[in-house]
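Peer 1: Would you mind keeping the following structure in view while I ask a few things?
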Amino acid sequence: MAAMGRLVHALLNPSPLGLAIAILLAITIPIFLHSVVFRSSGLITLPSILLIGPSGSGKTSLLTLFERGTKAAATHISQTPIAVECSLPVGSVANSDRYRSENDPTNQAHKKFLLVDTPGHGKLRHHALENITNPQNLKGLIFLVDAATLSAGDEGLRQTADYLHDVLLLLQKRATGSKAAKALKEIPVLIAANKMDLFTALPAALVKSSLEAEISKVRTSRSKGLLDSGIGMGDAEDEKDDWLGEMGSINFKFSQMEEFDVSVEVVGGNVAGGEGPTVDKWWKWISERL
């Protein structure tokens, strides 16, 4: 009992040394948390969305629209990658915040991300492919196409399908590569069918089927070219590595990419137009990836 009394007395009447230590801890702990914990969290790279597609599809216009939030600015064909910081529009909730309370102060701040635009010219597409090979917190890939140039027989359809084939094949190889590559997060793909306000634009369903049919031709042509050149003869593994989608299938379908953890969606919209932009569904897709 006496020992308990002495302990209570010591707690209620601390020594000058103990009091000084308590005050020092009370001051240094908040400073430590602020300088170490909060500063380190500030170094986290913003999530990014990669914007790719053939020249003239409207990528840079979409970039300026998402950056400004009102309307796209006049642009010219880009020759170097451009990255801008964008914020989700009012009313859009990022997937990572969907369980937060509406009164949570965190929800008052717009979710930010980097939108990276890449050149669409054939000689400059390596910029896009490098971003896929070495992603920096990449959450998704938007492949923008001009829906008014994808009719059967159009040169625009062939070029678009050729580029999209290479992008999807790279994602497929990324998923089937080394253990380190497999450990990387999946990269979903949005095929954004732009210029839906034009009379000649194909609806999203026809954009999807037209690209699938043309990619089937590209796939067959690439495979035949390898066989004619003698490359890959007797090497089934090499042929399999360069075959997009289900091995041996006659017709390519975007659904075949699910086997490699690559989801592909085709959604229509327009960056410009007489009645203004229509990009709400694209914003929704982005918010679901953040």
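Peer 1: Quick check: is even one residue across the stretch 138-151 closer than 15 Å to SER263 by Cβ, of a type outside the set (Gly, Ala, Ser) and open to solvent by 20 Å² or more (accessible area, probe 1.4 Å)? Spell out the reasoning first.
Peer 2: Quick first cut of the stretch 138-151, residues closer than 15 Å to SER263 by Cβ only: 138-143.
Now drop any that are not of a type outside the set (Gly, Ala, Ser), which leaves 138-139, 141-143.
Those left that are additionally open to solvent by 20 Å² or more (accessible area, probe 1.4 Å): 138-139.
Yes, the stretch 138-151 contains a residue that is closer than 15 Å to SER263 by Cβ, of a type outside the set (Gly, Ala, Ser) and open to solvent by 20 Å² or more (accessible area, probe 1.4 Å).
Peer 1: Hey, can you tell me all the residues within the stretch 251-288 that are within 17 Å of VAL167 (Cβ to Cβ), not aliphatic (A, V, I, L, M) and not in a helix (DSSP H, G or I)?
Peer 2: PHE252, LYS253, ASP261, SER263, GLU265
Peer 1: Go through the stretch 116-153 and give me each residue that's part of a helix (DSSP H, G or I) and either of a type in the set (Gly, Ala, Ser) or under 16 Å from LEU63 (Cα atoms) (or both).
Peer 2: GLY122, ALA128, ALA147, ALA148
Peer 1: I'd like to verify a number: residues in the stretch 68-112 that are open to solvent by less than 100 Å² (accessible area, probe 1.4 Å), at pLDDT 75 or above and not in a loop (DSSP other than H, G, I, E, B), how many?
Peer 2: Of the residues in that region, 7 qualify.
The values are calculated or read from the model by the stated rules, or taken from the named source; none is laboratory data. Computed from a prediction, not measured in an experiment: that's the story for all the values here. All Cβ positions, even for glycine, are placed from backbone atoms using ideal geometry, and neighbour counts span all protein chains on display. These area figures cover heavy atoms from the full protein model, side chains too; ligands, DNA and RNA do not enter into them. Shrake-Rupley method; radii C 1.70, N 1.55, O 1.52, S 1.80 Å.
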